[in-house]
Amino acid sequence: FARAALDDRNLRDQRLVEMVDSLDPSLKQTLSDALAIYRNSEPVIGPASSRRNPAAVHITEWTDIRCEHCAELQQTLVNLQEQTPQGSFSVEARQFPLDGECNPEVESATDPVRCLAARARICLADHAKSDDFARALFARQKELTASQLYQIAAPFMEKKALESCVASPETRTRLEEDIAYASRFASDGTPIVAVNGRKGVSFAPFLYALILTGGVPEHPAFANLPTPNPNAHLH
């Protein structure tokens, strides 16, 4: 068992070195900036509902259905699942709709689909195929309407049941919890990403690097990265 663990660690180290070496200078700078954000952030203890998975690396993501970078993050997470051993990390999907109708952190209310999608994803969060539902919504994010959302949700939950859940006080409370939790990471847009309770970013090499190191931001493979830019603006 010890030999197998050592072999796995060596393989992860090799993959990490190869990934870092493959980045062009601008991406190495972004990785350096992302690691600095993570290192310098204070751990945030989330609500009890966020502490359910024993994976060494736990990624929490807050998204808005119209956010293109959020859609890119969904694909990044799929790719990471394919590129890393099963159980290397877990993902917790939370909601941060960019609409003041349901999010007091946002000034304007302009697009009711944002809040509807957030509530619908909460209603289906415990469904075995919740990820499939989310990906289907993001695939149509630009033209998505309320009617289309219910059509997409139909294989997962009957429309009347979903309408009732969307309008329920329990769903409102869960959305408020998501928003309050997200606000503790002082972000000005979506996606908002936390890794093991510390502020992170959605940059794929950063997430891949932390998965390979088990959430440790210090590794010899990072030694030759450029000095981080303290004014870097990343999501």
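The values are calculated or read from the model by the stated rules, or taken from the named source; none is laboratory data. Only a predicted model underlies this, so the values are computations on that prediction, with no experimental measurement involved. Using ideal geometry, Cβ is built from the backbone for each residue, glycine included, and neighbour counts are taken over all protein chains shown. Calculation scope for accessible area: heavy atoms of the full protein, side chains included, ligands and nucleic acids excluded. Shrake-Rupley method; radii C 1.70, N 1.55, O 1.52, S 1.80 Å.
Here are a few things to note about the model shown:
- Inter-site label distance for Glu158 and Ala232 at 7 Å from Cα along Cβ, in nm: 5.1
- Each listed q (0.09, 0.14 Å⁻¹) maps to a log10 I(q)/I(0) for the chain, found by the Debye formula over equal Cα scatterers with no solvent: -0.40, -0.92.
- Accessible area in square angstrom per residue, the chain, 1.4 angstrom probe: 51
- In terms of overall dimensions, the C-alpha atoms belonging to segment 15-146 reach 46, 32, 31 Å along their principal axes, ordered largest to smallest.
- Taking N as its residue count, the alpha carbon Rg of segment 96-235 over 2.2 N^0.38 Å: 1.24
- Portion, in percent, of the accessible area of the chain that falls on carbon or sulfur, probe 1.4 Å: 51
- Applying the Karplus relation 6.51 cos²θ - 1.76 cosθ + 1.60 with θ = phi - 60° to segment 134-142 yields 3J(HN,Hα) values of 4, 5, 5, 5, 5, 5, 10, 4, 6 Hz, where x marks Gly and Pro.
- Kirkwood Rh and Cα Rg combined as Rg over Rh, evaluated for segment 136-185: 1.06
- Contact order, relative form, for segment 44-179: 26 percent (alpha carbon pairs under 8 Å, 6 or more residues apart, mean separation divided by residue count).
- Pairwise Lys count, the chain - Cα closer than 28 Å, eight or more residues apart or different chains: 8
- Inter-part distance, segment 106-132 to segment 172-200, computed on C-alpha centroids, equals 15 Å.
- Note on the chain: helix-only mean residue ellipticity at 222 nm, from DSSP H runs of 4+ residues weighted -39500 (n - 2.57) and normalised by residue number, equals -15500 deg cm²/dmol.
- Paramagnetic label zone (point 7 Å from Cα along Cα-to-C-beta, Ala139; backbone N under 17 Å) in segment 146-168: 148-157
- Phi angles of segment 148-161 translate, via the Karplus equation with coefficients 6.51, -1.76, 1.60 and θ = phi - 60°, into HN-Hα couplings of 5, 4, 5, 5, 5, 6, 3, x, 9, 7, 4, 4, 4, 5 Hz per residue; Gly and Pro are given as x.
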